[in-house]
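A.B. asks: Encoded as C-alpha cells, here's the structure I'll be asking about.
The values are calculated or read from the model by the stated rules, or taken from the named source; none is laboratory data. From a predicted model like this one, the values you see are computed outputs, not experimental measurements. Here the Cβ is made from the backbone with ideal geometry for all residues, glycine too, and neighbour counts use every protein chain on show. Ligands, DNA and RNA are excluded from the accessible area calculation, which covers all protein heavy atoms including side chains. Shrake-Rupley method; radii C 1.70, N 1.55, O 1.52, S 1.80 Å.
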Amino acid sequence: MTDIPQIVEDLYFQQVIIPDEKDWPDYLRGDPAVIRGLYSFYYGLRMGSQISDALREETFTLSEE
C-alpha cells in the first residue's frame, strides 16, 4: 500500500470537521466510524462542488422548466 501524501492529510484535518456527538442523527449514535465516513464524504462532495463552481466561466443555475 502506498503512503497517503502529507497534503491530503493536511487538507482532511483542515476541512473535515466532525460535529459534536450531541448533533449526530439518532440512528447513528454510537457508530463514530460511520459518522466520520459520512461527514468526510459530505465535505469531499462540498469541496468538489466549490472547486467546480470556481472553475465555471458562467454561473450555473437550474432551469425553471
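A.B. asks: Assigning unit charges at the beta carbon (Lys, Arg +1; Asp, Glu -1) and nothing else, what dipole magnitude in debye, to the nearest 20, does the chain show about its Cα centre?
C.D. replies: Result for the chain is approximately 220 debye, rounded to the nearest 20.
A.B. asks: Select from segment 1-57 those GluC sites (Glu not before Pro) which occupy a DSSP coil region and have at most 10 other Cβ atoms within 10 Å, ordered by residue number.
C.D. replies: Within segment 1-57, the qualifying GluC sites (Glu not before Pro) (loop, at most 10 other Cβ atoms within 10 Å) are Glu57.
A.B. asks: I'd like the carbon and sulfur percentage of the solvent accessible area for the chain, probe radius 1.4 Å, heavy atoms only, ligands and nucleic acids excluded.
C.D. replies: Summing carbon and sulfur atoms, their accessible area is 56 percent of the total for the chain.
A.B. asks: Another one. Which value, in Å², gives the accessible area per residue of the chain when a 1.4 Å probe is used on the protein heavy atoms?
C.D. replies: Dividing the accessible area of the chain by its residue count gives 92 Å².
A.B. asks: To the nearest 10 degrees, how steeply does helix 32-55 sit against the main Cα axis of the chain, on a 0 to 90 scale?
C.D. replies: Approximately 20 degrees, to the nearest 10.
A.B. asks: Let me ask another. Are there trypsin sites (Lys or Arg not before Pro) in the chain that DSSP puts in a loop and that have at most 15 other Cβ atoms within 10 Å, and which ones?
C.D. replies: Working: sites: Lys22, Arg29, Arg36, Arg46, Arg56; in loops: Arg29, Arg56.
Sparse-neighbourhood loop trypsin sites (Lys or Arg not before Pro): Arg29, Arg56.
A.B. asks: Percent of alpha carbon pairs in the chain separated by more than 13 Å?
C.D. replies: For the chain, the fraction of Cα-Cα distances above 13 Å is 74 percent.
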